[in-house]
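Data block below; observations after.
Here, each number is a calculation from the coordinates, and none is a lab measurement. Nothing here was measured: the structure is a model prediction, and the numbers come from that model. All Cβ positions, glycine included, derive from the backbone under ideal geometry; neighbour counts span all protein chains shown.
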Amino acid sequence: MTEREFVDFATVRDKLLEAIERRGEISYEQTMALQHAEWKASASGHPSNEIKTDPAVFSGLLADLMENEKLKQHPEVSSKIAELSPLTVADVRVIIASKRIAMDTSEIEEVITVIRQHVL
């Protein structure tokens, strides 16, 4: 089984911009992906409207989230949390519910503390 790599929207944006520089153009689908990535990587595309995503912040946050005993079993959930950077217990619960990860409020608050250390 191959290991999956997770990237944030800012990385997608940067890679597509590099492709434009190298090739001079990109496909329609890539253009649509670029527009979406540019919006999501901006502060206005973030749910809290105050956090502009950065690949280094995403990578560091993802690494720290993967140290959590319950989250390390679900790298796709850790990636989603790192990308969205939820700052409320309810928002984290929505994300972890997709894999039925059981975390009590204090565990979720620890996750939020890790997020705050990276993004605020």
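Would you list His36, His74 from fewest to most Cβ contacts within 10 Å? Spell out each step's value before the answer.
Values: His36 14, His74 20.
The most exposed by this proxy come first: His36, His74.
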Report task. Report, to the nearest 10°, how far helix 28-41 tilts away from the longest principal axis of the Cα atoms in the chain, using its own Cα long axis and a range of 0 to 90°. Result -> 40
Requested in this report: Please give the length that would be gained between Glu109 and Lys70 if that part of the chain were fully extended, namely 0.36 nm times their separation in residues minus their C-alpha to C-alpha distance (nm, one decimal).
Outcome: 12.7 nm
Requested in this report: Just tell me which lysines come within less than 19 Å, Cα to Cα, of Lys40; anything on the same chain fewer than 8 places away is out.
Outcome: Lys15, Lys52, Lys80
Query raised in the report: Cα to Cα, under 15 Å, and not fewer than 8 places away if on the same chain: which aspartates and glutamates meet these conditions relative to Lys99?
Result: Glu69, Glu76, Asp91
Requested in this report: Let me know the charge dipole size of the chain about its Cα centre in debye, to the nearest 20, where only the beta-carbon of Lys, Arg (+1) and Asp, Glu (-1) is charged.
Outcome: 240
Query raised in the report: If you place +1 on the Cβ of every Lys and Arg, -1 on the Cβ of every Asp and Glu, and leave all else neutral, what size is the dipole of the range 65-109 about its Cα centre, to the nearest 20 Debye?
Result: 220
Query raised in the report: Which FRET efficiency, nearest 0.05, do Arg4 and Tyr28 yield, Cβ-Cβ r, R0 22 Å?
Result: 0.25
Query raised in the report: Tally Lys/Arg at +1 and Asp/Glu at -1 over every other residue whose Cβ is under 10 Å from the Cβ of Phe58; what's the total?
Result: -3
Report summary line: Under a Gaussian network model of the chain whose springs join Cα atoms within less than 10 Å, the largest fluctuation of Val94, Val12, Val57 belongs to Val94
Report task. Could you work out the relative contact order of the chain, using alpha carbon pairs under 8 angstrom and six or more residues apart, expressed as a whole percent? Result -> 23
**Report entry** Rounded D (µm²/s) - the chain, Kirkwood Rh over Cα pairs, Stokes-Einstein at 10 °C, 1.306 mPa s
**Finding:** 104
